[in-house]
Amino acid sequence: MKEICFRFLQDHRFSRFISQLNENDMKHFKIVFALVILLFGNHCFAQWGWNSISMNPTQRMQSMNFLTEDIGYAMMTADQTGAKTLEKTTDGGFIWTAIPLPVVGQEFQSLHFHADGAGVVVFRNLQDPVTPTRIYQTLDDGMNWQDISPDTTATGMGNAVCQFLDQDTGFFSTDQFLYATVDGGTNWTTHTFNVYPMSISFYDSQNGTIGTFDGTFNYFGGMLTTTNGGQTWTQTDLTGNGTVIGAVGQLSPTIAFAAPVQFGAYSQHQFYRTTNNGATWDTLQVPNTLPNSELKALDFKDELNGVAAVTEIGGVSYFYETTDGGNNWTYFDSLPGLSINDLQLIGNTGYLAGGELGVFYRLTLGMSVENAHSNSLHVYPNPAISGQTIRFEGMEDFKELTLMDLSGKAIYQSTVEGNALDLPSLPSGIYFLRMDGIEGSKCAKLIVE
């Protein structure tokens, strides 16, 4: 939000408007503008949680690939026609610019950029019986594209995935095949599986993980891992319905996560983590206290820090943060009515493609109520007793109180007068208090004995 305020002030249309004001109008404008800053200025500098960012109002973001906190690429879909475009931002998503695509009239399936200006896209052409799935590479942001496809490819089900580590080393997959190159597509090695790759992540040329789908209406998922560039694979098959692995992340040569999200995944709250190159996988849980909910998106920026989205079916998406590799989760925000398409963490920033028309979301990481706000709102006594009067310090102008359980569900709301509140009758446990006011939100953990 702070950046939005600055960008407004720097916008050339704003400058032109100011230059056209006469002296009397300028006096009135200064008074009005000062009032606006007093009323809303704090919102520009004290927002917490996901912040919505406007983009083209006729488009929806399907998937994204950020290289830094500012530079990113995304696949956009036009709301009226369904046409897909490739677009780039260099300012964290405030402005997007379309990049020329290598072909028109074909199905744009996936993208991956490994450096600024350098990446690949995958298209499918059902009229081509020999190489229906093709991969193209650019080194100059789409000014020129080179078809680097293998001589033959499969048709697939419309869900190709790709990743290039540099100009020479890359992978892409469709149907039951993975194609790998170490010379920029001059030569390809084809790996054939008995399952369908749905997601892919390589840490380097040797160590990688693929999320899979068994191809049946049971929607069983699984993981494939390699430690030698695909010469051999370790296969783990899951037996639960709706466990298709739509998100994987190879976080180090030995540590990876795999999550049942997106296509073919449903009613799941567990994800999987390996610390030994896929020889074994531990089953971990995201919070599972909401009725009719499921894990909808998951990403880790490193071996310890991650964000998960748990969505009530047809309802609200609740977001949780972990700082210990997924063993424990802390609620930090919620968004209503969101259809999540993609989630990515990079550096100190998170990005969320929510399927909403003309909007996506940005988050500053490290903002969980436990590690970022517990020192800004002091509650005492803490631990407290059910029904006891608690008092606050650091409230300032925060008057609206929400009491949440560990799932993030609001269980009590009240307007606070003064600096005290009589707690309602509560079971023993851990809760979160959120105070809302003109300065944004402040939170603290509350233990009820």
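Just name the residue that is farthest from the chain's Cα centre (by Cα) out of those in the range 298-342 that are in a strand (DSSP E or B) and acidic (Asp, Glu).
Per the stated criteria, the residue is 312.
This table checks each residue for (1) on the phi > 0 side of the Ramachandran plot; (2) in contact with a helix residue (DSSP H, G or I) (Cβ under 8 Å, 6 or more places away or on another chain); (3) of a type in the set (D, E, K, R).
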position	(1), (2), (3)
58	no, no, no
62	no, no, no
78	no, no, no
84	no, no, yes
88	no, no, yes
93	yes, no, no
102	no, no, no
130	no, no, no
149	no, no, no
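Can you name the residue in the range 236-276 that is among the polar types (S, T, N, Q) and farther than 19 Å from residue 343 by Cα and, of all such residues, is surrounded by the most Cβ atoms within 10 Å (Cβ to Cβ)?
It comes out as 274.
I'd like the residue in the range 188-203 that is of a type in the set (Ser, Thr, Tyr) and open to solvent by less than 30 Å² (accessible area, probe 1.4 Å) and, out of all such residues, is farthest from residue 237 (Cα to Cα).
Among those residues, the one meeting the criterion is 201.
I'm checking my understanding of the structure. Among residues of the range 282-297 that are assigned to a loop (DSSP other than H, G, I, E, B) and open to solvent by less than 40 Å² (accessible area, probe 1.4 Å), which one is modelled with the lowest pLDDT?
Top of the filtered list is 290.
Looking at the structure I just gave you, is residue 168 over 16 Å from residue 243 (Cα atoms), open to solvent by less than 50 Å² (accessible area, probe 1.4 Å) and among the acidic types (Asp, Glu)?
no
Would you please list the contacts, defined by Cβ atoms under 9 Å and residues six or more apart or on different chains, that run from a residue in the range 89-111 that is in contact (Cβ under 8 Å) with a residue 40 or more places away in the chain to a residue that is small (Gly, Ala, Ser) and open to solvent by 30 Å² or more (accessible area, probe 1.4 Å)?
Listed pairs, sorted by first residue: 94/54; 110/63; 111/63.
Touching a helix residue (DSSP H, G or I) at 6+ places or on another chain (Cβ under 8 Å), aromatic (Phe, Trp, Tyr) and touching a residue at least 12 places away in the same chain (Cβ under 8 Å), is that true of residue 332?
Yes, satisfied.
Within the range 196-239, which residues are over 22 Å from the mean Cα position of the chain (by Cα) and among the hydrophobic types (A, V, I, L, M, F, W, C)?
Answer for the range 196-239, where residues must be over 22 Å from the mean Cα position of the chain (by Cα) and among the hydrophobic types (A, V, I, L, M, F, W, C): 217, 220, 224, 233, 238.
Could you tell me which of the residues 345, 363 is open to solvent by 10 Å² or more (accessible area, probe 1.4 Å), of a type in the set (A, V, I, L, M), within 25 Å of residue 77 (Cβ to Cβ) and assigned to a strand (DSSP E or B)?
None of the others qualify; the one that does is 345.
Being farther than 15 Å from residue 163 by Cα and open to solvent by 10 Å² or more (accessible area, probe 1.4 Å) is the filter here, so list the residues in the range 122-138 that pass it.
Scanning the range 122-138 gives 124, 125, 126, 127, 128, 129, 130.
Starting from the range 384-404, take each residue that is within 22 Å of residue 429 (Cα to Cα) and open to solvent by less than 60 Å² (accessible area, probe 1.4 Å) and list its partners that are basic (Lys, Arg) and at pLDDT below 80, counting only C-beta distances under 6 angstrom and pairs at least six apart or across chains.
Qualifying pairs under 6 Å: 402/434.
Name the strands (runs of 3 or more DSSP E) wholly within the range 72-121 that hold at least 3 residues that are open to solvent by 10 Å² or more (accessible area, probe 1.4 Å) and either closer than 14 Å to residue 145 by Cβ or in contact with a Lys or Arg (Cβ under 7 Å, 6 or more places away or on another chain) (or both)? First the steps, then the outcome.
Numbers: elements: 72-78, 84-89, 97-99, 107-115.
Strands (runs of 3 or more DSSP E) meeting the threshold: 107-115.
Quick test for you: out of 366, 355, pick the one residue that is on the phi > 0 side of the Ramachandran plot and at pLDDT below 80.
366
For the range 174-184, does any single residue satisfy the condition of being surrounded by fewer than 18 Cβ atoms within 10 Å (Cβ to Cβ), modelled with pLDDT under 95 and not aromatic (Phe, Trp, Tyr)?
For the range 174-184, residues surrounded by fewer than 18 Cβ atoms within 10 Å (Cβ to Cβ), modelled with pLDDT under 95 and not aromatic (Phe, Trp, Tyr): absent.
List the pairs whose first member sits in the range 146-162 and is under 12 Å from residue 123 (Cα atoms) and in a strand (DSSP E or B), whose second member is hydrophobic (A, V, I, L, M, F, W, C) and open to solvent by 20 Å² or more (accessible area, probe 1.4 Å), and whose Cβ atoms are under 6 Å apart, counting only residues at least 6 apart or on separate chains?
161/200
Quick one: in the range 47-70, of everything that is open to solvent by less than 50 Å² (accessible area, probe 1.4 Å) and assigned to a strand (DSSP E or B), which residue is modelled with the lowest pLDDT?
51
Identify all residues within the range 301-310 that are crowded, with 23+ Cβ neighbours inside 10 Å and either more than 16 Å from residue 338 (Cβ to Cβ) or among the hydroxyl-bearing types (Ser, Thr, Tyr) (or both); write none if there are none.
306
Looking only at residues in the range 325-342 that are among the polar types (S, T, N, Q) and within 22 Å of residue 79 (Cβ to Cβ), which one is most open to solvent (accessible area, probe 1.4 Å)? Steps first, answer last, please.
Going through the range 325-342, the residues among the polar types (S, T, N, Q) turn out to be 327-328, 330, 334, 339, 341.
Next, from what is left, pick out any that are within 22 Å of residue 79 (Cβ to Cβ): 339, 341.
Values: 339: 70, 341: 42 Å².
So, considering only residues that are among the polar types (S, T, N, Q) and within 22 Å of residue 79 (Cβ to Cβ), the one most open to solvent (accessible area, probe 1.4 Å) is 339.
The values are calculated or read from the model by the stated rules, or taken from the named source; none is laboratory data. As the structure is a computational prediction, the values presented were derived from the model and not from experiment. All Cβ positions, glycine included, derive from the backbone under ideal geometry; neighbour counts span all protein chains shown. Note: accessible area is taken over every heavy atom of the protein model, side chains too, but ligands, DNA and RNA are not part of it. Shrake-Rupley method; radii C 1.70, N 1.55, O 1.52, S 1.80 Å.
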